[in-house]
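Presented below is the structure to which this report refers.
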Amino acid sequence: MSSKKELLIGAHVSIAGGVHNAFQRALSIGASTFQIFTASSRSWNEKPLSIEECALFDQARKDSGIDVVVSHASYLINIASSVPKIFHPSQKALKDELVRCQQLGIQYLVLHPGAHTGSGVDVGIENVARALDTVLEAVPGKTMIVLESMAGQGTTLGGTFEELKAIRAACTHKKRIGFCLDTCHMYSAGYDIASDGGYEKVVKECDSLIGLEHVKVIHVNDSKTKLASHVDRHEALGKGTIPLAMFDLLVNDRRFNDVPKILETPTDLAMELYAKEIAMLKKMAG
């Protein structure tokens, strides 16, 4: 009988001092994968990565033994908007994000689908699909854009599996579009992953609507708020409203063996809480 595969678990880490420094920070907390911003998450215009920066990143990857890396797109991007002065800069920023991921050989770029801000769900979905096709056409390569499941707050898209499915279905470049499940967001959106039998029910619903084969990243977060609150507030594992038993089920779910699991829970500057949470999840997984 073969030995159990190593848990692909990590956290969102800083790129302070250079993108290559993320590898050492990930190793310091016992991570086997990690997520980064490739540039400021609060800026529209970021300079391209230099040849030297890319070379340092590539060498750090080889030295660390960490292969799977996830990037998170800027929070400013809103390609669901029908307002030109929001949509066009968002589409350009997403293109720049994808270019940087291609430069660094990052496999997955996590993206919030965005908010339609009053134009309606159908129009918002059309906007997202149009922008995704434009960007993927302009930047060929292997990096996938993975749409994150959201808490369903306000006019934000992606609060249901149906909306995520509709976005991908409307795209031409489907092979480079996947999904990122966020445990906090799903719970806040109303998916009862915490109740007896609830986890399996939600996973089966997810499979039937968007396909588990298209789930490429999982954000592992507890929630400060209750089920169906539609409020996005992450909490440390075991400190929120989602029982630890759910996270035990997740890390032992063979269907997600090859899916990178990323912590985005509140932590301290030294990331000691991340290290403790990673150790706890590894222990759960045996």
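The values are calculated or read from the model by the stated rules, or taken from the named source; none is laboratory data. Just so it is clear, the model here is predicted, and its values are computed rather than measured. Ideal geometry is used to build each Cβ from the backbone, glycine not excepted, and the neighbour counts take in all protein chains shown.
Listing for the model above:
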quantity: Unique residue being over 22 Å from Thr155 (Cα atoms), under 20 Å from the mean Cα position of the chain (by Cα) and among the small types (Gly, Ala, Ser) when the list is Ser90, Ser71; calculated: Ser71
quantity: Hits in the stretch 166-190 (condition: more than 18 Å from the chain's Cα centre (by Cα) and either crowded, with 23+ Cβ neighbours inside 10 Å or under 19 Å from Asp222 (Cα atoms) (or both)); calculated: Gly190
quantity: Any hit, the stretch 111-130, residues being at pLDDT 95 or above, buried (at least 22 other Cβ atoms within 10 Å of the Cβ), over 28 Å from Val231 (Cβ atoms) and hydrophobic (A, V, I, L, M, F, W, C); calculated: no
quantity: Test: residue in the stretch 175-190 that is assigned to a helix (DSSP H, G or I) and more than 22 Å from Thr241 (Cα to Cα); calculated: yes
quantity: Pairs where the first residue, in the stretch 237-262, is more than 19 Å from Cys180 (Cα to Cα) and the second is surrounded by 16 or more Cβ atoms within 10 Å (Cβ to Cβ) and of a type in the set (Phe, Trp, Tyr), C-beta under 8 Å, 6+ apart; calculated: Thr241/Tyr187
quantity: Check on Ile79, touching a residue at least 40 places away in the same chain (Cβ under 8 Å) and under 30 Å from Asp122 (Cβ atoms); calculated: yes
quantity: Hits in the stretch 43-57 (condition: in a helix (DSSP H, G or I) and either within 22 Å of the chain's Cα centre (by Cα) or of a type in the set (A, V, I, L, M, F, W, C) (or both)); calculated: Ile51, Cys54, Ala55, Leu56, Phe57
quantity: Some residue of the stretch 100-112 being under 27 Å from Ala31 (Cα atoms), in contact (Cβ under 8 Å) with a residue 24 or more places away in the chain and of a type in the set (D, E, K, R); calculated: yes
quantity: Only one of Lys226, Lys216 that is among the charged types (D, E, K, R) and over 14 Å from the mean Cα position of the chain (by Cα); calculated: Lys226
quantity: Checklist (1) surrounded by fewer than 20 Cβ atoms within 10 Å (Cβ to Cβ); (2) more than 21 Å from Phe34 (Cα to Cα) applied to Lys283, failing item; calculated: (2)
quantity: Any hit, the stretch 80-100, residues being in a helix (DSSP H, G or I), acidic (Asp, Glu), surrounded by fewer than 24 Cβ atoms within 10 Å (Cβ to Cβ) and in contact with an Asp or Glu (Cβ under 8 Å, 6 or more places away or on another chain); calculated: yes
quantity: Residues of the stretch 217-276 satisfying the condition of being of a type in the set (D, E, K, R), part of a helix (DSSP H, G or I) and farther than 20 Å from Phe23 by Cα; calculated: Asp248, Arg254, Arg255
quantity: Residue match in the stretch 199-207 (condition: within 27 Å of Glu162 (Cα to Cα) and assigned to a strand (DSSP E or B)); calculated: no
quantity: Residue count, the stretch 101-142 (criterion: β-branched (Val, Ile, Thr), in contact with a Gly (Cβ under 9 Å, 6 or more places away or on another chain) and in a helix (DSSP H, G or I)); calculated: 1
quantity: Meets criteria (among the aliphatic types (A, V, I, L, M) and touching a strand residue (DSSP E or B) at 6+ places or on another chain (Cβ under 8 Å)) for Ile86; calculated: no
quantity: Residue in the stretch 188-200 that is free of Cβ contacts under 8 Å to residues at least 40 places away in the same chain and closer than 19 Å to Glu97 by Cβ present; calculated: no
